[in-house]
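Student: Take a look at this one; I'll ask things after.
The values are calculated or read from the model by the stated rules, or taken from the named source; none is laboratory data. Quick caveat, the model's predicted, so the values are computed rather than measured. With ideal geometry, Cβ positions are generated from the backbone for all residues, glycine too; neighbour counts draw on all protein chains shown. For accessibility, only protein heavy atoms count, side chains too; no ligands or nucleic acids. Shrake-Rupley method; radii C 1.70, N 1.55, O 1.52, S 1.80 Å.
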Amino acid sequence: MNEELIEARSLKTLVTVADLGSFRGAARTLGYTQSAISHQVATIERKLGVSLFVRPGGRGKITLTPLGERVYQHAQRVLAASQALDADIRAAVAGERGTLRIGVSQSTCAMLAKPLAQLRQQNPGIEVSLINAVTAEALVQQLDQGQIDLGLYINVDPDDRVVTMPLFDDTWMIVAHRDHPLAASTSVTLDALDGTDMIAWHQRWRAQANLERVWRQRGIRPRIVYRTDDNLMIQSLVAAGLGCACVGILSARELIEPRLRRITLRDELPPRTLALCHARNRELPAAALFVIDAIKRLTPPDLGQLA
């Protein structure tokens, strides 16, 4: 094999061409000429002695060859390692070794109150930054690239880049206004939601999409009248009498209005599994290890105590 090094710039070009399926699109994205993009890809192919792309000609989308797919995967890992190195060095230069960065969602961040209070008692000099991760996939990428140290999130898929430690399932429940007919029951099945006005998360959240798929499979047709990603807004809309909500316990541990009621669901539903995550190939700071241990000592929320 050719012993010449392949520049990170060329690897980024390869990944961009593969992601966009176009030399022209990669040129626009990276600010190069199309000929420069073609030259960089050709240089990698010459050094490795393999063809990376299937070029259909015309306006057809460029695709990776089987060997190109392998090179693409290696290139992604190299670029991610480079970004992680840059993040570590910048943190060291800026004197930020006392900062713990945790990726969370609205549903999970409340669980950190007690562990972070314990951390402050143990080490008051640590600055903690809670960073909202838009999706579980985004969380994994942030961990892999060194943008966060630890993640506490729902439904994180297995990924070679991260270590995932499941904690417990966040049980589904209904939140209703006390004057709503459902509030007269302590527990119901999903069938009770048929025809009911609902406040829901957006379907980009996997848990919500899975829930609505179960509704369709069982012929249950709630009327979703509002969608929002804000848990407090969901409760506010329910408290205003605009509909019920089907959420996890973590989203409704603290009810913001005395007019709200929690109702147990008796059905088996797609799990909302809470997990701790960290990058597999990155050393965890001592503060992260302390928080992990503190979270593991927490008692999972119990619906009977919350109702």
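Student: Restricting to region 282-307, what's the tally of residues that are modelled with pLDDT under 55 and assigned to a helix (DSSP H, G or I)?
Tutor: 4
Student: Report whether or not Leu260 is closer than 27 Å to Pro158 by Cβ, touching a strand residue (DSSP E or B) at 6+ places or on another chain (Cβ under 8 Å) and surrounded by 15 or more Cβ atoms within 10 Å (Cβ to Cβ).
Tutor: No: the conditions fail for Leu260.
Student: When only residues in region 199-236 that are surrounded by 13 or more Cβ atoms within 10 Å (Cβ to Cβ) and polar (S, T, N, Q) count, which is modelled with the lowest pLDDT?
Tutor: Of everything passing the filter in region 199-236, Gln203 is modelled with the lowest pLDDT.
Student: Cβ contacts < 6 Å: first residue within 10 Å of Cys277 (Cβ to Cβ), restricted to region 129-152; second residue among the polar types (S, T, N, Q) and open to solvent by 10 Å² or more (accessible area, probe 1.4 Å), any location; separation 6+ or different chain. Result?
Tutor: Ala136/Asn155; Ile148/Gln142
Student: Taking interchain pairs and intrachain pairs at least six residues apart, which have beta carbon atoms under 8 angstrom, with the first residue in region 20-47 and in a helix (DSSP H, G or I) and the second open to solvent by 20 Å² or more (accessible area, probe 1.4 Å) and of a type in the set (Gly, Ala, Ser)?
Tutor: Sorted first by the residue in region 20-47, then by its partner, the pairs are Phe23/Ser38; Ala27/Ala36; Glu45/Ser51.
Student: Now, a different point. When you check Ala207 against the structure, is it in contact (Cβ under 8 Å) with a residue 40 or more places away in the chain, closer than 19 Å to Leu250 by Cα and touching a helix residue (DSSP H, G or I) at 6+ places or on another chain (Cβ under 7 Å), yes or no?
Tutor: For Ala207, the condition - in contact (Cβ under 8 Å) with a residue 40 or more places away in the chain, closer than 19 Å to Leu250 by Cα and touching a helix residue (DSSP H, G or I) at 6+ places or on another chain (Cβ under 7 Å) - is not met.
Student: To continue, here is another question. When only residues in region 1-15 that are open to solvent by less than 20 Å² (accessible area, probe 1.4 Å) and either more than 32 Å from the chain's Cα centre (by Cα) or among the hydroxyl-bearing types (Ser, Thr, Tyr) (or both) count, which is farthest from Gly58 (Cα to Cα)?
Tutor: If we take residues in region 1-15 being open to solvent by less than 20 Å² (accessible area, probe 1.4 Å) and either more than 32 Å from the chain's Cα centre (by Cα) or among the hydroxyl-bearing types (Ser, Thr, Tyr) (or both), then Ser10 is farthest from Gly58 (Cα to Cα).
Student: In addition: Please verify whether region 115-126 includes one or more residues that are outside any loop (DSSP other than H, G, I, E, B), closer than 20 Å to Arg272 by Cα and in contact with a Lys or Arg (Cβ under 9 Å, 6 or more places away or on another chain).
Tutor: Checking region 115-126: not a single residue is outside any loop (DSSP other than H, G, I, E, B), closer than 20 Å to Arg272 by Cα and in contact with a Lys or Arg (Cβ under 9 Å, 6 or more places away or on another chain).
Student: Taking the condition of being open to solvent by less than 10 Å² (accessible area, probe 1.4 Å) and either assigned to a loop (DSSP other than H, G, I, E, B) or over 23 Å from Leu116 (Cα atoms) (or both), how many residues in region 131-182 meet it?
Tutor: So the answer is 8.
Student: For Arg70, state whether it is modelled with pLDDT of 90 or more, of a type in the set (Lys, Arg) and within 21 Å of the chain's Cα centre (by Cα).
Tutor: It is false that Arg70 is modelled with pLDDT of 90 or more, of a type in the set (Lys, Arg) and within 21 Å of the chain's Cα centre (by Cα).
Student: Those residues that are at pLDDT 90 or above and either in contact with a Ser or Thr (Cβ under 9 Å, 6 or more places away or on another chain) or within 19 Å of Gln34 (Cβ to Cβ) (or both), I need them from region 56-67; list them, please.
Tutor: Thr63, Leu64, Thr65, Leu67
Student: Quick one: in region 183-193, which of the residues that are in contact with a Lys or Arg (Cβ under 8 Å, 6 or more places away or on another chain) and closer than 11 Å to Leu265 by Cα is most open to solvent (accessible area, probe 1.4 Å)?
Tutor: Asp191
Student: Yes or no: region 273-294 includes at least one residue that is under 21 Å from Ala192 (Cβ atoms), of a type in the set (A, V, I, L, M, F, W, C) and either open to solvent by 20 Å² or more (accessible area, probe 1.4 Å) or more than 22 Å from the chain's Cα centre (by Cα) (or both).
Tutor: No, every residue in region 273-294 fails to be under 21 Å from Ala192 (Cβ atoms), of a type in the set (A, V, I, L, M, F, W, C) and either open to solvent by 20 Å² or more (accessible area, probe 1.4 Å) or more than 22 Å from the chain's Cα centre (by Cα) (or both).
Student: Okay, next question. With respect to Arg77, determine if the residue is modelled with pLDDT of 90 or more and either of a type in the set (S, T, N, Q) or surrounded by 13 or more Cβ atoms within 10 Å (Cβ to Cβ) (or both).
Tutor: The answer is no for Arg77.
Student: A further question on this structure: Go through region 227-272 residue by residue and tally those that are touching a helix residue (DSSP H, G or I) at 6+ places or on another chain (Cβ under 7 Å), closer than 18 Å to Asp179 by Cβ and not in a loop (DSSP other than H, G, I, E, B).
Tutor: Going through region 227-272 one residue at a time, the tally reaches 6.
Student: Which one of Ala36, Ala42, Ala27 is over 28 Å from the mean Cα position of the chain (by Cα), over 22 Å from Ala81 (Cα atoms), buried (at least 19 other Cβ atoms within 10 Å of the Cβ) and aliphatic (A, V, I, L, M)?
Tutor: Ala27
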